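The values are calculated or read from the model by the stated rules, or taken from the named source; none is laboratory data. Since the model is a prediction, treat every value here as computed from it, not as a measurement. As a convention, Cβ positions derive from the backbone with ideal geometry for all residues, glycine included, and neighbour counts pool all protein chains shown.
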Amino acid sequence: MPKDLLIHTIGHSNHTTAAFIDLLRRHGITLVVDVRSQPYSRWAHQFNRETLARDLQDAGIAYRFMGDALGGRPADPTLYDPGQERPDYQRVEQTPAYQAGIDQLLDLAQTEQVAVMCSEGDHRCCHRHLLITQTLLGRGVRVLHIQPDGTTVEGESIPRQLSLFG
């Protein structure tokens, strides 16, 4: 793994297609990796999977769906604590499907300028920071979060609480 590997993240938020593509171009993104478990939006139809893939292709930016491996809402009920909407990300991180998805993402980042995309504008509230960024940082990859205003924020590790019983 090259030491200088960089992966961006971005949330589509409520951008127009043109504004979203402009953000990607400003950061030299050549491939959007969609990590939404359900790649459709009730409120921002321009980000529905097929529409987005077509619009990105028209703009000369590749699209890859990887929400099945890297999504924040996996289908496996054993990854959730009872009564919780959000899965236990440490459990998700241990699954073979997730690890294979990360390996594939890293392979793509060898030849493309990748932006991992989800819907949340604020990366701090999204699994692309809470899960994917943490895994990437652990593997020595630099992560930059593209903010809705076009600025970037360096990916940071989240301290993990140690378990007395683990």
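Tell me, which helices (runs of 4 or more DSSP H) lie completely within segment 70-157 with 1 or more residues that are modelled with pLDDT of 95 or more, surrounded by fewer than 19 Cβ atoms within 10 Å (Cβ to Cβ) and under 13 Å from the mean Cα position of the chain (by Cα)?
Of the helices (runs of 4 or more DSSP H) lying wholly inside segment 70-157, those with at least 1 residues that are modelled with pLDDT of 95 or more, surrounded by fewer than 19 Cβ atoms within 10 Å (Cβ to Cβ) and under 13 Å from the mean Cα position of the chain (by Cα) span 96-111.
Are there any pairs with C-beta distances below 6 angstrom linking a residue in segment 38-52 that is under 10 Å from SER119 (Cβ atoms) and in contact (Cβ under 8 Å) with a residue 60 or more places away in the chain to a residue that is of a type outside the set (S, T, N, Q) and surrounded by 10 or more Cβ atoms within 10 Å (Cβ to Cβ), with the two at least 6 apart or on different chains, and if so which?
Once the first residue is under 10 Å from SER119 (Cβ atoms) and in contact (Cβ under 8 Å) with a residue 60 or more places away in the chain and sits in segment 38-52, its partners that are of a type outside the set (S, T, N, Q) and surrounded by 10 or more Cβ atoms within 10 Å (Cβ to Cβ) give SER41/PHE47; PHE47/HIS12.
Would you pick out the residues in segment 27-58 that are part of a helix (DSSP H, G or I) and either of a type in the set (Phe, Trp, Tyr) or crowded, with 19+ Cβ neighbours inside 10 Å (or both)?
Matches in segment 27-58: PHE47, LEU52, LEU56.
Considering segment 4-26 alone, what residues qualify as being surrounded by 14 or more Cβ atoms within 10 Å (Cβ to Cβ) and within 17 Å of LEU136 (Cβ to Cβ)?
LEU5, LEU6, ILE7, HIS8, THR9, ILE10, GLY11
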